[in-house]
Amino acid sequence: MDLSVYKKDFPVLRDNPNLAYLDSAAMALKPDCVIKAVDDYYNKLGVNVHRGVYGLSYQATDKYEAARTNIANCLGAEFEEIVFTRGASASLNLVAQSYGMNFIKEGDEVITSELEHHSSHMPWFNVCEKTGATLKYIPLDKEGRITVENFKKVLTKNTKVVAITYVSNVLGYVTPIKEIIKLAHEVGAIVSLDGAQAVPHMKVNVKDLDCDFLSFSGHKMCGPTGIGVLYGKKKLLEKMPPIEFGGDMADTVTKDSQTYKATPYKFETGTPIIAGAIGLSEAFNYLNKIGFDNISKYENELAKYAISKLKEIPEVIVYNETCETGTVSFNLKGIHPHDAASVFDNHGVCIRAGHHCAQLITSWLDTIGTVRASFYFYNTLEDVDRFIEAVKDAKDFFGQF
Ligand code: 7TS
């Protein structure tokens with residue numbers, strides 16, 4: 001299977017034919033169809049939704065709400081269960097601020113892991129600090145994975161929330177989430193899933209998973225920046241209070257009282273991210289056409305090829321040899337990841353270096369950071385070869401000192 005034919009759909013790659021863009025875990029590039037969908041909204045509509053009593057505004061509202069319907073269908077969710085946010089971080093914080101601050105109390109337990117991105121773990125650290133609940137960490141296995149066996153060791157009848165990642169942004173491991181959700185539900189806990197690195201790469205169906213919340217960003221799945229989704233089970237969203245107040249979310253307002261619209265609108269204060277939602281819906285259509293199974297298989301083939309080449313270089317430490325997705329984390333012995341990254345730039349290879357906003361796992365790996373190459377379907381074997389040349393060059397360059 002060769003998905004690199006899709007490379008032609010990306011203006012940045014057409015304009016930079018020698019670029020090896022290996023930083024899709026930070027942000028995916030945007031194909032023509034998504035840019036056009038955003039462009040069309042601004043060119044042909046360009047007005048606010050839910051407010052105007054004129055044709056253009058009705059059309060903009062229809063487009064915006066059609067995006068919600070499409071995204072709900074793609075995830076197996078209901079319309080009312082899709083809240084548009086600024087991104088995964090905003091979605092994860094909404095769950096913690098609304099559900100956590102109102103339904104968690106002293107004596108309760110929240111389970112998370114050292115594999116988390118800061119945006120998954122920190123909101124719950126804050127909730128526990130404020131409420132007196134206890135934050136517990138699933139012990140990782142020797143590779144750094146979350147396992148069902150280790151999850152059972154921290155799960156108790158006091159567990160009220162499990163807040164974990166579906167796919168790690170540093171090691172690319174896939175959490176055995178279905179079994180974990182089942183066990184969490186058996187003790188009455190809810191599961192808030194960080195899907196930022198999962199939804200762009202694999203078919204995710206919330207009904208099949210039975211997760212309570214799922215958060216992700218549009219920009220990591222070929223969508224625009226500034227748009228994200230919080231999926232929440234309707235019965236949970238209905239009982240959760242809003243955390244932001246103002247325009248569009250209010251129902252009736254008097255000097256003595258205020259009431260709010262039903263979900264999802266009570267969580268979307270002010271003018272929404274109209275172009276973002278329309279663009280994200282188009283990104284879902286585009287990825288669905290390529291096929292999520294094809295995407296995950298292809299990017300893992302690229303990662304496996306990269307890992308096999310990296311292992312031929314004795315100075316390289318690979319942290320996630322058994323990774324089943326498209327992410328490779330490594331270091332060159334004795335070389336700071338940021339120093340190594342500077343050499344990559346000279347080769348036209350875009351990668352990320354550092355702690356990747358996941359300091360718990362870089363500490364666990366006993367390093368200050370890693371160099372991370374993250375592949376997507378528009379990458380090619382040639383990109384991997386270019387990347388390996390850059391690794392060799394970095395090794396030779398810093399090896400002189
Ligand atoms: N959760 C995970 C697992 C992530 O990888 C990221 C972003 C977030 C949450 C936050 O997403 P945002 O869109 O709100 O920023 N991760 C990365 C990364 O790995 N490199 O840059 C951003």
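Summary table
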read-out: Among the residues listed as K255, K220, K233, the single one being within 30 Å of K44 (Cβ to Cβ), out of contact with any strand residue (DSSP E or B) (no Cβ under 7 Å at 6 or more places or on another chain) and either assigned by TED's automatic domain parsing to the domain that holds A72 or not polar (S, T, N, Q) (or both); value: K220
read-out: Failed item in (1) crowded, with 16+ Cβ neighbours inside 10 Å; (2) within 19 Å of E268 (Cβ to Cβ), with F79 passing the rest; value: (1)
read-out: Those strands (runs of 3 or more DSSP E) lying entirely in the range 299-356 with at least 1 residues in contact with an Asp or Glu (Cβ under 8 Å, 6 or more places away or on another chain); value: 327-332, 352-354
read-out: Selection count where residues are out of contact with any strand residue (DSSP E or B) (no Cβ under 9 Å at 6 or more places or on another chain) and under 15 Å from E324 (Cα atoms), scope the range 173-191; value: 1
read-out: Given (1) within 16 Å of the ligand (Cβ to nearest atom); (2) hydroxyl-bearing (S, T, Y); (3) within 24 Å of D9 (Cα to Cα), index of the condition T380 fails; value: (1)
read-out: Count - residues of the range 135-151 that are touching a residue at least 40 places away in the same chain (Cβ under 8 Å) and part of a helix (DSSP H, G or I); value: 1
read-out: Pairs where the first residue, in the range 373-393, is more than 18 Å from N294 (Cβ to Cβ) and the second is within 16 Å of the ligand (Cβ to nearest atom) and in a helix (DSSP H, G or I), C-beta under 6 Å, 6+ apart; value: A390/F344
read-out: Residue within the range 94-111 that is within 16 Å of the ligand (Cβ to nearest atom), free of Cβ contacts under 8 Å to residues at least 60 places away in the same chain and either charged (D, E, K, R) or buried (at least 19 other Cβ atoms within 10 Å of the Cβ) (or both) present; value: no
read-out: Some residue of the range 367-375 being more than 13 Å from the ligand (Cβ to nearest atom) and closer than 17 Å to Q197 by Cα; value: yes
read-out: Residues of the range 77-90 that turn out to be closer than 19 Å to E65 by Cα and either under 13 Å from the mean Cα position of the chain (by Cα) or within 16 Å of the ligand (Cβ to nearest atom) (or both), as a count; value: 5
read-out: Residue check, G354 surrounded by fewer than 20 Cβ atoms within 10 Å (Cβ to Cβ), away from the ligand (no atom under 15 Å from the Cβ) and at pLDDT below 95; value: no
read-out: Which listed residue is within 30 Å of T225 (Cβ to Cβ) and modelled with pLDDT of 95 or more, from V148, V170, V154, V187; value: V170
read-out: Matching residues in the range 117-155 - criterion: being within 16 Å of the ligand (Cβ to nearest atom) and of a type in the set (S, T, Y); value: S119, S120
read-out: Test: residue in the range 180-189 that is of a type in the set (K, R), farther than 16 Å from V83 by Cβ and in contact with a Ser or Thr (Cβ under 9 Å, 6 or more places away or on another chain); value: no
read-out: Output for the range 251-274, where each listed residue is among the acidic types (D, E), surrounded by 11 or more Cβ atoms within 10 Å (Cβ to Cβ) and over 28 Å from the mean Cα position of the chain (by Cα); value: D251
read-out: Filtered residue count, the range 357-372, keeping only those that are in a loop (DSSP other than H, G, I, E, B) and either β-branched (V, I, T) or free of Cβ contacts under 8 Å to residues at least 60 places away in the same chain (or both); value: 4
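The values are calculated or read from the model by the stated rules, or taken from the named source; none is laboratory data. A quick note: this is a predicted structure, and the numbers were derived from the prediction, not measured. Heads up, the Cβs are rebuilt from the backbone with ideal geometry, glycines too, and the neighbour counts pull from every protein chain shown.
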